[in-house]
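Asker: Pasting in a structure now, in structure tokens, and then I'll have a few things to ask.
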Protein chains: 4
Amino acid sequence: MKSRPMENEKKDWRFRLHEVIYESNTKAGKAFDVALLFAIFASIVVVMLDSVHSLHLRFGRLFNRAEWLFTALFTVEYILRLISIRRPWRYVFSLLGLIDLLALIPSYLSIVFVGAQSLLVFRAFRLLRIFRIFKLGEFLTEIHFLQQALKGSVRKISIFLLTVLTIAIILGSVMYLVEEKENGFSNIPESIYWAIVTITTVGYGDISPVTPIGKFVASIVMLIGYAIIAVPTGIITHDIALALKKRKELPEVCPSCAREGHDDDALFCKHCGSSLFR
Amino acid sequence: MKSRPMENEKKDWRFRLHEVIYESNTKAGKAFDVALLFAIFASIVVVMLDSVHSLHLRFGRLFNRAEWLFTALFTVEYILRLISIRRPWRYVFSLLGLIDLLALIPSYLSIVFVGAQSLLVFRAFRLLRIFRIFKLGEFLTEIHFLQQALKGSVRKISIFLLTVLTIAIILGSVMYLVEEKENGFSNIPESIYWAIVTITTVGYGDISPVTPIGKFVASIVMLIGYAIIAVPTGIITHDIALALKKRKELPEVCPSCAREGHDDDALFCKHCGSSLFR
Amino acid sequence: MKSRPMENEKKDWRFRLHEVIYESNTKAGKAFDVALLFAIFASIVVVMLDSVHSLHLRFGRLFNRAEWLFTALFTVEYILRLISIRRPWRYVFSLLGLIDLLALIPSYLSIVFVGAQSLLVFRAFRLLRIFRIFKLGEFLTEIHFLQQALKGSVRKISIFLLTVLTIAIILGSVMYLVEEKENGFSNIPESIYWAIVTITTVGYGDISPVTPIGKFVASIVMLIGYAIIAVPTGIITHDIALALKKRKELPEVCPSCAREGHDDDALFCKHCGSSLFR
Amino acid sequence: MKSRPMENEKKDWRFRLHEVIYESNTKAGKAFDVALLFAIFASIVVVMLDSVHSLHLRFGRLFNRAEWLFTALFTVEYILRLISIRRPWRYVFSLLGLIDLLALIPSYLSIVFVGAQSLLVFRAFRLLRIFRIFKLGEFLTEIHFLQQALKGSVRKISIFLLTVLTIAIILGSVMYLVEEKENGFSNIPESIYWAIVTITTVGYGDISPVTPIGKFVASIVMLIGYAIIAVPTGIITHDIALALKKRKELPEVCPSCAREGHDDDALFCKHCGSSLFR
């Protein structure tokens, strides 16, 4: 889309680079995206394996070289991204841009500060690029549909989570009064942590009530958690149904360019490329 | 809304105070509500941190002073609430009024009774005021919608929870017979506690079956719990869908004052302020 | 309803007794049902408390007397039930009749066999009578509605549970091969128990994978369990929606007696008393 | 269906054998399927019990003979399947064919390699034949309906699980940085395992946060897991509702053979036997 206004310009190397790196509707663009994701995944696997002590002792040097190789690769990618875009600062301060930078810094920091390398785990955030890959090919419809459905739920779910947190603070405070200090409920933050573990039905068991009165209160907390777990489900189910309805009632006229003639299963305007949703 | 009949009266300081403290549709009222919630939250954080032994040893005196500061603040707020309302007793015996009082008493009690200060955790209940804050601004629609949806579910969920409790009592009693006393199932209340922990899928693991027959019965209990967890979800999903339908069919005529002319997205009557829902 | 054909008979004491004990549409009948449920609940609480060792030592004799009192009471109730009904054997072999008998036998058995008293926990099954109490008064609509909704789900949920069991057997067998015997996966039934604990997201932690490969397989098992937990919910939500639709389309003509004139919110035919549902 | 083109051929023993083994619409075919499932179940029970050490010591030889008996039985069945079908290789390389073979090999391998017998647990996979049994008789409608409903969900659920996995990798990496190495978060794969255990609300408690900051991050992880557990439920509920709608709008004309005259509750064309669904 962004490449459209450039169409009539001379197709120089920067433009072609932009198309490969940022777009995914050309063959080269798709290949680049898939290759990049593999490189990200491989670099994370290296960081993962290096964190295992026994493997670090045996293959530590090999992992170190691989990490520097990936760092070099991602540095080149980062520079190419900078020079192939019109407004480099916009990319630098975008979410994906900041994550890309965050994935590079630890390696260079480790030259100066010993141990900074452990920050390499932030590379895991680059996995978020997987959602770009999803957009390739046949997954498009489902992803687009799910995104539309969940967009409407975010605010409702936030309110719900805030409510759960309030309930957890209140129930945790009550439990702090009720249960013995020695049984893990040694202070209020600890008790609130227990309340969250319980309401979400995770239930590690690292802290669990011991006295009869504590078990009684805990049973009530569990039943409450059991009943309210249904609320986010209800909200999301409802929003998915809503999104489906909208999908069926997709307008014949594009809401952006007002041109007609779209297929029944079209999700994007074939004239201007903008979403036909809402 | 309550201030409406006062409109033609002389706008004295008590009226303006009422507007700031109880209403939230003026700028001062909104600011007061937000500031109050911050004060509540800060006072709870102080109580929380004070409950951590290591922090209590180091900052105990500081926390104590902060707690008295907040107590003074909330006492002033409580008195202002009393003198700015027409029928003070009604506020005193309302739910929010009782919680406000409950948040003050422990501090004063601690002068006479050592240790009464630990009751300060009841301040957590004041967090319920967060639902008033929600009403401010843009969250209004979602909150109102969720409340409508859940109102219809309360009774059905209550029946469901009573049923789960009955099942837990029966299954707990059976497990008490089946499993060895030494493995944690030492008496029936304990076994019922285990059944609730299991059916709600919390699963602490503080009590878990050890004998083969016990594990067999527990597996059945888990599968039952797995199947019935779906019921409250189904109920709430259904009630949310129902509330949505109602929202769409909001009457053109206000059910309270029978006046017309409301916008499509209006949730409250613009003439009398009462809900257009049902 | 059963009392209807008797209406023209002489209203002798047996008939009136039947009305009090079996029916719940008269004042005396309602009072009897509520009183009975309280007696059942009290008798269960006594059995519960008696199972707690420390309480048994202190109040054992008191509990024993209370248990005999309740046994006498329930025996009288059982005899009254037998003589006030036309076909006593039908009641004896009905589900509720068998449970009523099961709640009596242990006490009398305990005279001959020491320890038989522990079977008194079966009294918990009498709590199922709570669903009769629900039918009293205002809960009727919700209970009736939920029953209709869930009736259609039973078969689908059964298939689902059988599928989950099959998956648990397969995954448990795989885990038995993969994980070390010493880590709790000592035999296949044990591994299947673990798989059920995991898929249902209970997660006691009494058995949990220790080796890397075991943790990897367990992660897959958990993600599978996470995904399929949605199926029963989907089924029940759908059936509740279906039941709601039916409720709205309740026929104007009773399907049993074909008479008309029912109110919009009527669930039962006002002429013959049979359900208007389906 | 496959037997149809053979109809005009001479009904030789191979054809009749095919009908019994592969089809389930004749009496003999149904009986064979049920008997086979019982044999599979019995053979799995034997493998299960043999894996229990104490039982192996007492009945080991008996179990060994039973295993060889079942192996012989299944070998005969496998050979009959091969000779009664037109294209044997197609069956051999089908999913069910491979599972059938996998269930035979371990026994024969155990003659050469000691211990290969433990692979007999793969027989559990033959339980998947239970879904064929389901198709017999009255469960047909529900199974067919559920299959249709879930078919549409598979792709969406896959995307969802991939997303959960990405979130687990990111959160696990963050937790590795935040929590002490001694508390179980000794390396990144271990931390990711913990994140999956937590997000899916299984919560074994074998690894759980110990430091305050770790508990804080864990609480956030739990609340996230609590909120997103609703997504697959929403998807499946929606797809079940969709399948139901389709079921109601079943075409009057068979999509395969274009002949009419089907009953309202028909799921398959009565002329050609193919599904009327879509």
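The values are calculated or read from the model by the stated rules, or taken from the named source; none is laboratory data. This is a predicted model, so every value here is computed, not measured. For neighbour counting, all protein chains shown are included, and Cβ atoms are generated from backbone atoms with ideal geometry for every residue, glycine included. Ligands, DNA and RNA are stripped out before the accessible areas are found, and what is left, the full protein with its side chains, is counted by its heavy atoms. Shrake-Rupley method; radii C 1.70, N 1.55, O 1.52, S 1.80 Å.
Asker: So which residues in region C:78-102 are in contact (Cβ under 8 Å) with a residue 40 or more places away in the chain, of a type in the set (A, V, I, L, M, F, W, C) and not in a loop (DSSP other than H, G, I, E, B), if there are any at all? Give the derivation first.
Answerer: From region C:78-102, those in contact (Cβ under 8 Å) with a residue 40 or more places away in the chain are C:80-81, C:83-85; that's our starting set.
With of a type in the set (A, V, I, L, M, F, W, C) added as a condition, the list becomes C:80, C:83, C:85.
Within region C:78-102, C:Leu80, C:Ile83 qualify.
Asker: Among (1) open to solvent by 20 Å² or more (accessible area, probe 1.4 Å); (2) under 28 Å from B:Arg14 (Cα atoms); (3) of a type in the set (S, T, N, Q), there is one condition B:Ser110 misses while meeting the rest; what is its number?
Answerer: The failed condition is (2).
Asker: May I pose another question? Kindly provide the set of residues from region D:90-132 that are out of contact with any Gly (no Cβ under 9 Å at 6 or more places or on another chain) and of a type in the set (Phe, Trp, Tyr), ordered by number.
Answerer: If the condition is that a residue be out of contact with any Gly (no Cβ under 9 Å at 6 or more places or on another chain) and of a type in the set (Phe, Trp, Tyr), then D:Phe93, D:Tyr108, D:Phe113, D:Phe122, D:Phe125, D:Phe131 are the ones that fit.
Asker: Same structure again: Take region D:180-210 and flag every residue that is among the charged types (D, E, K, R) and closer than 20 Å to A:Val45 by Cα.
Answerer: D:Lys181, D:Glu190
Asker: Does D:Ser191 satisfy being closer than 21 Å to C:Tyr226 by Cβ, modelled with pLDDT of 90 or more, open to solvent by 10 Å² or more (accessible area, probe 1.4 Å) and out of contact with any strand residue (DSSP E or B) (no Cβ under 7 Å at 6 or more places or on another chain)? Break it down stepwise before answering.
Answerer: Details: closer than 21 Å to C:Tyr226 by Cβ: yes; modelled with pLDDT of 90 or more: yes; open to solvent by 10 Å² or more (accessible area, probe 1.4 Å): no; out of contact with any strand residue (DSSP E or B) (no Cβ under 7 Å at 6 or more places or on another chain): yes.
No: the conditions fail for D:Ser191.
Asker: Which ones in region D:46-101 are under 25 Å from the mean Cα position of the chain (by Cα) and polar (S, T, N, Q)?
Answerer: D:Ser51, D:Thr71, D:Thr75, D:Ser94
Asker: Residues of region D:103-118 being at pLDDT 75 or above and within 12 Å of chain C (Cβ to nearest Cβ), which ones? Spell out how you get there, then give the answer.
Answerer: Taking region D:103-118 and keeping what is at pLDDT 75 or above, we get D:103-113.
Hits for region D:103-118 are D:Ala103, D:Pro106.
Asker: If you don't mind, there's one more thing I want to ask. Please tell me if D:Thr211 is at pLDDT 75 or above and over 28 Å from C:Thr237 (Cα atoms).
Answerer: Working: at pLDDT 75 or above: yes; over 28 Å from C:Thr237 (Cα atoms): yes.
Yes, satisfied.
Asker: Let me ask something else about it. When residues of region B:24-63 are filtered for being free of Cβ contacts under 8 Å to residues at least 12 places away in the same chain and in a loop (DSSP other than H, G, I, E, B), how many remain?
Answerer: 3
Asker: Okay, moving on. Would it be correct to say that C:Ile213 is open to solvent by 20 Å² or more (accessible area, probe 1.4 Å), assigned to a helix (DSSP H, G or I), more than 7 Å from every other protein chain (Cβ to nearest Cβ) and closer than 21 Å to D:Ile157 by Cβ? So that I can check it myself, show each step before the final result.
Answerer: Working: open to solvent by 20 Å² or more (accessible area, probe 1.4 Å): yes; assigned to a helix (DSSP H, G or I): yes; more than 7 Å from every other protein chain (Cβ to nearest Cβ): yes; closer than 21 Å to D:Ile157 by Cβ: no.
The answer is no for C:Ile213.
Asker: Every residue in region A:164-183 that is in contact (Cβ under 8 Å) with a residue 24 or more places away in the chain and of a type in the set (S, T, N, Q), please.
Answerer: A:Asn183
Asker: Considering only residues that are open to solvent by less than 50 Å² (accessible area, probe 1.4 Å) and either of a type outside the set (S, T, N, Q) or closer than 17 Å to B:Ala218 by Cβ (or both), which ones fall in region B:151-166?
Answerer: If we filter region B:151-166 for residues that are open to solvent by less than 50 Å² (accessible area, probe 1.4 Å), which is where we start, we get B:152-153, B:156-157, B:159-161, B:163-164, B:166.
Hits for region B:151-166 are B:Gly152, B:Lys156, B:Ile157, B:Ile159, B:Phe160, B:Leu161, B:Val164.
Asker: Same structure, new question: It is to be established whether one or more residues within region A:74-96 are modelled with pLDDT of 90 or more, among the acidic types (Asp, Glu) and either farther than 17 Å from D:Pro189 by Cα or exposed (fewer than 13 other Cβ atoms within 10 Å of the Cβ) (or both).
Answerer: For region A:74-96, residues modelled with pLDDT of 90 or more, among the acidic types (Asp, Glu) and either farther than 17 Å from D:Pro189 by Cα or exposed (fewer than 13 other Cβ atoms within 10 Å of the Cβ) (or both): present.
Asker: Pull up region A:110-121, narrow it to residues that are part of a helix (DSSP H, G or I) and under 16 Å from D:Leu177 (Cα atoms), then point me to the one that is farthest from the chain's Cα centre (by Cα). Walk me through how you get there before you give the answer.
Answerer: Going through region A:110-121, the residues part of a helix (DSSP H, G or I) turn out to be A:110-112, A:116-121.
Filter once more, so that each one left must be under 16 Å from D:Leu177 (Cα atoms): A:110, A:116-121.
Values: A:Ser110: 26, A:Ala116: 24, A:Gln117: 23, A:Ser118: 21, A:Leu119: 18, A:Leu120: 17, A:Val121: 15 Å.
My answer is A:Ser110.
Asker: Could you look through region C:223-243, keep only residues that are facing chain D (nearest Cβ under 8 Å) and surrounded by fewer than 24 Cβ atoms within 10 Å (Cβ to Cβ), and pick out the one that is nearest to A:Met222 (Cα to Cα)?
Answerer: As a first pass, look at region C:223-243 and keep what is facing chain D (nearest Cβ under 8 Å): C:223, C:225-227, C:229-231, C:233-235, C:237-238, C:241-242.
Checking the rest, the ones that are also surrounded by fewer than 24 Cβ atoms within 10 Å (Cβ to Cβ) come to C:223, C:227, C:229, C:241-242.
On the way: C:Leu223: 23, C:Ala227: 22, C:Ile229: 19, C:Ala241: 27, C:Leu242: 30 Å.
Checked region C:223-243; the qualifying residue nearest to A:Met222 (Cα to Cα) is C:Ile229.
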